[in-house]
Amino acid sequence: MRPQVEYLYRLAWRFTGSVADAEDLVQDVLLKLYPRTRQLVDIEQLRPWLARVLYREYVDLVRQRARSPIADLAADAEGEDNPLDTLPAIKDGPEEHAERSGLRERILCALDRLNPEQRAVVTMHDVEGYSLEELETILDTPLGTLKSRLHRARRRLRALLSVEPFSAGERVNG
Amino acid sequence: MECRDFTPQLDDCLDGRLDAAARRSIQQHLERCPDCRRLHQHAAALQAALRTLPAPTPRQGFVDQALSRATDAAAGAVRTPRRGVLGMALAASLVLGVAVGVFLVTRPAPVPTVALMLERPETVRLMFNSAKPLQAATLSLALPGNVELVGYGDRELSWQTDLREGGNLLQLPLVARGTAKDELVASLSHGGTSKTFRLKFEVDNAGKSGM
């Protein structure tokens with residue numbers, strides 16, 4: 001079970017970008033799955049199945065936060081209209097400077113600016129390598145919706161990272 | 001092919017979902033259109049970078065702890081409640097209350113703590129609650145010596161901003177470079193009054209090699 005927990009943790013971190021949230025999501029999934037451990041043995045492709053369970057848990061988390069007064073802002077922060085935009089910086093603010101840092105850190109910051117659905121499709125498809133057809137099941141979303149979501153997510157990432165376009169030859173270490 | 005025909009096909013092109021004729025048509029267009037060529041290069045480079053984006057390994061002890069809790073809960077020995085919505089929201093967030101002019105707290109509040117992993121960027125969210133809209137408030141941040149704002153060299157920065165009534169979210173992409181226990185100091189000033197907030201960092205260096 002340990003490799004599966006590490007896999008779940010990696011996906012949870014990719015969804016949330018937060019160690020604390022990733023730990024909470026994984027813990028919640030394990031609490032749900034443990035009474036059904038015997039059923040897991042019969043599942044042919046366990047990882048996509050686990051990813052689906054995790055994604056549902058993540059959606060629940062996002063919805064719960066959306067109902068909380070504090071979470072309203074946190075959820076909005078991940079959409080196209082970031083509340084930070086309402087805190088205009090006369091001098092350059094942290095966001096502007098973040099975009100000038102190393103590529104990996106800039107990409108992580110840009111992913112934080114996507115809404116949860118966009119972040120999920122881009123991390124599962126572009127980072128984890130799942131096909132859109134596989135994601136139809138994992139994310140329980142029609143192919144057409146996934147394609148438009150992916151299109152918007154990539155366009156927004158390119159816009160967020162366009163302050164300092166990186167060359168095709170630049171590589172991520174690690 | 002025209003530029004307006006290329007853009008809608010960019011994603012399918014990146015994902016290898018085009019047939020040979022469509023690929024050839026795009027290739028010919030890219031050879032003669034520098035703007036679309038630049039867009040394609042940028043998109044392909046981003047996709048390549050995403051493909052190699054690392055993820056952290058769980059902190060030491062987390063997997064054992066999580067499995068143990070799940071086992072205990074399944075056995076009915078321990079009921080492990082899910083954190084409440086607020087608790088979840090605050091896991092990586094911090095709410096700082098400020099009501100300039102009507103701030104009546106007379107005793108110091110405990111300094112909140114946020115957990116960071118060494119060398120792993122984490123977005124820390126600060127929520128400033130304002131009792132009324134504030135125009136041109138000055139927000140100053142002083143970071144401790146072991147924590148950096150991602151991509152920002154200085155540890156002290158200050159800028160003017162407008163606060164709206166209610167919650168105002170500030171996201172700080174932070175990365176811990178050392179394990180020393182120290183505090184971030186945020187100061188909000190407006191109309192001759194100011195309020196200072198402190199935030200403690202606990203830095204865990206477990207799994208540093210995971211990135």
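Observations, loosely collected:
- Tally, over the stretch B:134-163, of residues that are in contact with a Lys or Arg (Cβ under 9 Å, 6 or more places away or on another chain) and farther than 24 Å from A:S18 by Cα: 6
- The criterion of being in contact with a Pro (Cβ under 8 Å, 6 or more places away or on another chain), more than 7 Å from chain A (Cβ to nearest Cβ), surrounded by fewer than 20 Cβ atoms within 10 Å (Cβ to Cβ) and modelled with pLDDT of 80 or more holds for B:L157.
- Taking the criterion of being assigned to a strand (DSSP E or B) and either within 7 Å of chain A (Cβ to nearest Cβ) or farther than 20 Å from B:K195 by Cβ (or both), the residues of the stretch B:133-154 that qualify are B:V147, B:E148, B:L149.
- Number of residues in the stretch A:149-161 that are more than 7 Å from chain B (Cβ to nearest Cβ) and either surrounded by 13 or more Cβ atoms within 10 Å (Cβ to Cβ) or modelled with pLDDT of 95 or more (or both): the value is 6.
- Within this structure, A:E78 fails the test of being buried (at least 18 other Cβ atoms within 10 Å of the Cβ), at pLDDT 85 or above and of a type outside the set (G, A, S).
- When the residues of the stretch B:31-61 are filtered to those that are outside any helix (DSSP H, G or I) and more than 8 Å from every other protein chain (Cβ to nearest Cβ), the one that is surrounded by the most Cβ atoms within 10 Å (Cβ to Cβ) is B:C33.
- Selected residue (criterion: nearest to the other protein chains (Cβ to nearest Cβ)) from residues of the stretch B:8-30 that are buried (at least 17 other Cβ atoms within 10 Å of the Cβ) and within 21 Å of A:D126 (Cα to Cα): B:D11
The values are calculated or read from the model by the stated rules, or taken from the named source; none is laboratory data. All values reported here derive from a predicted model rather than from experimental measurement. Here the Cβ is made from the backbone with ideal geometry for all residues, glycine too, and neighbour counts use every protein chain on show.
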